Amino acid sequence: MKLPSTALGKATGILTVVVVVIAAVLIYFEDEDPVQYSSMTEDIRSLEENFRQHNRSCFILGASGETGRLLLQELLQRNIFSRITLIGRRQLTFEDKAYENLVQEVVDFEKLDDYAAAFEGHDVGYCCLGTTRAKAGAEGFVRVDHDYVLKSAELAKVGGCKQFHLESSRGADKNSNFLYLKVKGQVEADIEALGFDRFTIYRPGVLLVDRQESRPSEWLARKFFGAFSPVFSSMSIPVQVLVKAMVSNTVLQPEQKTEILENKAIASLGEKNAAK
Ligand SMILES: NC(=O)c1ccc[n+]([C@@H]2O[C@H](COP(=O)([O-])OP(=O)(O)OC[C@H]3O[C@@H](n4cnc5c(N)ncnc54)[C@H](OP(=O)(O)O)[C@@H]3O)[C@@H](O)[C@H]2O)c1
């Protein structure tokens, strides 16, 4: 069937307007310029070396997830900790020899107080724990992304942890009307109140990751932002870049006790170290 040229012209016009409006909205919500780290690239290796000398230990929550497992890989590769503990709800198995010295603590997140010992004696904690509303329902989502995360942070603090690194989300805001963003913002605020020596919040956009599990809406967002990532650089991030930034940031000396890294700042920090 052949469309009359006026109808075709009208359809093209409407499509153009729609694309321009979407682009304008997304650009409006772009992050501010990334944080600048002067001489960070040159210094990062020596900072890592210095950090390594202190024989520090860390734990990871969510090491079986997409971010957590790559974070673990990156930490093993860069070897900045003498001891790494994985805290999770199940025992993980690893084939590679690089993983043989890991400590694993299997806990029941509904009874975390009974597992306080698992959190003791770590200098740094990383939290990549989380579920989705689709998977766990609204209540289950709050239970995991807020209650489990906050309780873990509390136990870590009591157990002597100095630095807590939280993987939150772009747009996290405790006053948001959206449950996801509200819960993320609330847990950020509640952990900040615990008073860690250092608390770092990472707010990535859509994670570009090859997830095996089916999550249709995440898949769609990934395809869209993956295709347009050069244009909307603050909306998405490859998970490999995020974990590089998390490890690099661990050895840097921030000026504030609490720092928030938005998507662009994470990308800037992670990409600077991509070739290392
Ligand atoms: N995906 C994105 O695009 C995106 C974007 C921005 C921020 N984030 C946030 O970043 C964090 C990590 O995301 P991700 O995609 O890497 O996570 P993921 O692959 O879904 O992994 C989640 C981790 O949390 C654990 N977990 C989930 N439900 C649990 C429960 N009921 N009890 C105990 N452990 C549980 C999982 O353990 P099991 O393996 O045992 O299930 C897994 O280790 C989340 O907080 C997420 O909200 C994600």
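The values are calculated or read from the model by the stated rules, or taken from the named source; none is laboratory data. Small disclaimer: the values here were computed from a predicted structure and weren't measured. Note that each Cβ is placed from the backbone with ideal geometry, even for glycine, and that neighbours are counted across all protein chains shown. The protein model used for the area step is the full one, side chains on, heavy atoms only, and it has no ligands, DNA or RNA in it. Shrake-Rupley method; radii C 1.70, N 1.55, O 1.52, S 1.80 Å.
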Open item on the list: One residue is enough: does the range 197-216 have a residue meeting the conditions at pLDDT 95 or above, over 17 Å from Glu66 (Cβ atoms), more than 10 Å from the ligand (Cβ to nearest atom) and open to solvent by 50 Å² or more (accessible area, probe 1.4 Å)?
Closed with: yes
Task: Candidates Leu155, Leu150, Leu166, Leu112 - the one that is in contact with a Cys (Cβ under 8 Å, 6 or more places away or on another chain) and either hydrophobic (A, V, I, L, M, F, W, C) or assigned to a loop (DSSP other than H, G, I, E, B) (or both) - done: Leu166
TODO: Tell me which residues, restricted to the range 167-190, are open to solvent by 30 Å² or more (accessible area, probe 1.4 Å), among the basic types (Lys, Arg) and under 16 Å from the mean Cα position of the chain (by Cα).
DONE: Arg170
Open item on the list: Take the conditions outside any loop (DSSP other than H, G, I, E, B), open to solvent by 30 Å² or more (accessible area, probe 1.4 Å) and hydrophobic (A, V, I, L, M, F, W, C) and apply them to Val142. Does it pass?
Closed with: yes
- [ ] Find the residue count for the range 41-72, including only residues that are open to solvent by 40 Å² or more (accessible area, probe 1.4 Å) and within 13 Å of the ligand (Cβ to nearest atom).
- [x] 2
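Scan the range 172-187 residue by residue and report those that are touching a residue at least 40 places away in the same chain (Cβ under 8 Å) and either in a loop (DSSP other than H, G, I, E, B) or not aliphatic (A, V, I, L, M) (or both).
Tyr180, Gln186
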Open item on the list: Under 8 Å between Cβ atoms, which residue pairs at least 6 apart in sequence (or on different chains) link something in the range 45-62 that is among the β-branched types (Val, Ile, Thr) with a partner that is open to solvent by less than 10 Å² (accessible area, probe 1.4 Å) and assigned to a helix (DSSP H, G or I)?
Closed with: Ile60/Gly68; Ile60/Leu71; Ile60/Leu72; Ile60/Leu75
